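Some notes on the structure that comes next.
The values are calculated or read from the model by the stated rules, or taken from the named source; none is laboratory data. Because the structure is a prediction, the values reported are computed rather than measured. Counting neighbours? That spans all protein chains shown, and the Cβs are built from the backbone with ideal geometry, glycine included. With ligands, DNA and RNA removed, areas are computed over all heavy atoms of the protein, side chains included. Shrake-Rupley method; radii C 1.70, N 1.55, O 1.52, S 1.80 Å.
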Amino acid sequence: MAIQRVLTHPEPRLREKARPVEAINQNILTLLDDMAETMYAYQGVGLAATQIGVPLRVVVVDYSTDRSGLHCLINPEILAEEGTQEHEEGCLSVPGYYDTVKRPAQMTLRYLDREGNQQEQVVEEGLAACYSHEIEHLNGILFVDHLSLLKQKRIKKRLEKQMETRD
Ligand code: NI
């Protein structure tokens with residue numbers, strides 16, 4: 001297992017639409033392990049493969065406070081959404097920035113787990129917001145895309161400046 005580098009906005013690979021996983025083989029299991037290790041190392045609640053530069057539809061989430069509730073979702077699909085909520089969020093790909101985003105209050109999801117079994121799950125509140133955020137990553141969407149254009153411009157400028165000073 002290895003911690004991977006998390007890509008940060010405005011990296012173009014974060015905008016790619018990820019492909020479905022065709023077979024759960026050793027490469028996918030290693031990817032899931034790397035993603036979980038990376039998420040825990042960065043103290044995130046979720047990570048999409050897109051964020052480490054792998055354009056496959058894979059997400060890991062741990063929304064528990066004691067970091068013992070790892071979920072691995074392969075090819076997640078949203079079957080239904082209900083209601084809305086205002087959710088305060090951040091993203092490992094948009095470091096240092098937090099804001100409120102409108103998310104579904106409840107979602108029904110279908111996905112494959114790491115054993116390849118099809119699962120259906122109803123999630124709500126913070127967990128629904130978290131899954132919504134991660135699944136959007138697979139479609140090249142960042143949470144800041146939901147904010148005003150003025151805020152988006154400001155965030156992008158600040159992150160570009162940080163990137164310059166890092167080089
Ligand atoms: Ni994110």
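Do we find a residue being more than 25 Å from LEU159 (Cα to Cα) and at pLDDT below 95 anywhere in segment 78-100? Within segment 78-100 (the criterion being more than 25 Å from LEU159 (Cα to Cα) and at pLDDT below 95), the answer is no, since none of the residues qualifies.
Being open to solvent by less than 60 Å² (accessible area, probe 1.4 Å), farther than 18 Å from ILE135 by Cβ and touching a residue at least 60 places away in the same chain (Cβ under 8 Å) is true for just one of PRO76, PRO95. Which residue is that? Unique residue meeting the criteria: PRO95.
Within segment 30-71, the set of residues being β-branched (Val, Ile, Thr) and open to solvent by 20 Å² or more (accessible area, probe 1.4 Å) comprises THR30, VAL45, ILE52, VAL54, THR65.
Is it the case that segment 102-119 has a residue that's at positive phi, modelled with pLDDT of 95 or more and open to solvent by 10 Å² or more (accessible area, probe 1.4 Å)?
Step one: filter segment 102-119 for residues at positive phi, giving 116.
Still in the running and modelled with pLDDT of 95 or more: 116.
Next cut, open to solvent by 10 Å² or more (accessible area, probe 1.4 Å) only: 116.
There is at least one residue in segment 102-119 that is at positive phi, modelled with pLDDT of 95 or more and open to solvent by 10 Å² or more (accessible area, probe 1.4 Å).
Taking the condition under 30 Å from ILE74 (Cα atoms), hydrophobic (A, V, I, L, M, F, W, C) and in a helix (DSSP H, G or I), does VAL122 pass? So that I can check it myself, show each step before the final result.
Values: under 30 Å from ILE74 (Cα atoms): yes; hydrophobic (A, V, I, L, M, F, W, C): yes; in a helix (DSSP H, G or I): no.
Judged against the criteria, VAL122 is not a match.
When you scan segment 30-97 for strands (runs of 3 or more DSSP E) that lie fully inside it, which ones turn up with 3 or more residues that are under 21 Å from LEU147 (Cα atoms) and within 13 Å of the ligand (Cβ to nearest atom)? Explain how you work it out, then say what you get.
Working: elements: 46-48, 58-62, 70-91.
Filter on segment 30-97 gives 46-48, 70-91.
Yes or no: ILE135 within 14 Å of the ligand (Cβ to nearest atom) and either in a loop (DSSP other than H, G, I, E, B) or more than 26 Å from ASP34 (Cβ to Cβ) (or both)? The answer is no for ILE135. Answer yes if at least one residue in segment 61-77 is of a type outside the set (Ser, Thr, Tyr) and in contact with a Cys (Cβ under 8 Å, 6 or more places away or on another chain), and no otherwise. For segment 61-77, residues of a type outside the set (Ser, Thr, Tyr) and in contact with a Cys (Cβ under 8 Å, 6 or more places away or on another chain): present.
Within segment 1-29, track down each residue that is part of a helix (DSSP H, G or I) and either open to solvent by less than 50 Å² (accessible area, probe 1.4 Å) or under 23 Å from CYS91 (Cα atoms) (or both). Before you say what the answer is, go through the steps one by one.
So the first thing to find is which residues in segment 1-29 are part of a helix (DSSP H, G or I), and the list is 12-15, 26-29.
Within segment 1-29, PRO12, ARG13, LEU14, ARG15, ILE28, LEU29 meet the criteria.
What is the one condition in (1) assigned to a helix (DSSP H, G or I); (2) touching a helix residue (DSSP H, G or I) at 6+ places or on another chain (Cβ under 6 Å) that ALA129 does not satisfy? All conditions pass for ALA129, except number (2).
Does GLY116 satisfy the condition of being out of contact with any strand residue (DSSP E or B) (no Cβ under 7 Å at 6 or more places or on another chain) and either away from the ligand (no atom under 15 Å from the Cβ) or under 22 Å from THR38 (Cα atoms) (or both)?
On the way: out of contact with any strand residue (DSSP E or B) (no Cβ under 7 Å at 6 or more places or on another chain): yes; either away from the ligand (no atom under 15 Å from the Cβ) or under 22 Å from THR38 (Cα atoms) (or both): yes.
So GLY116 fits the description; yes.
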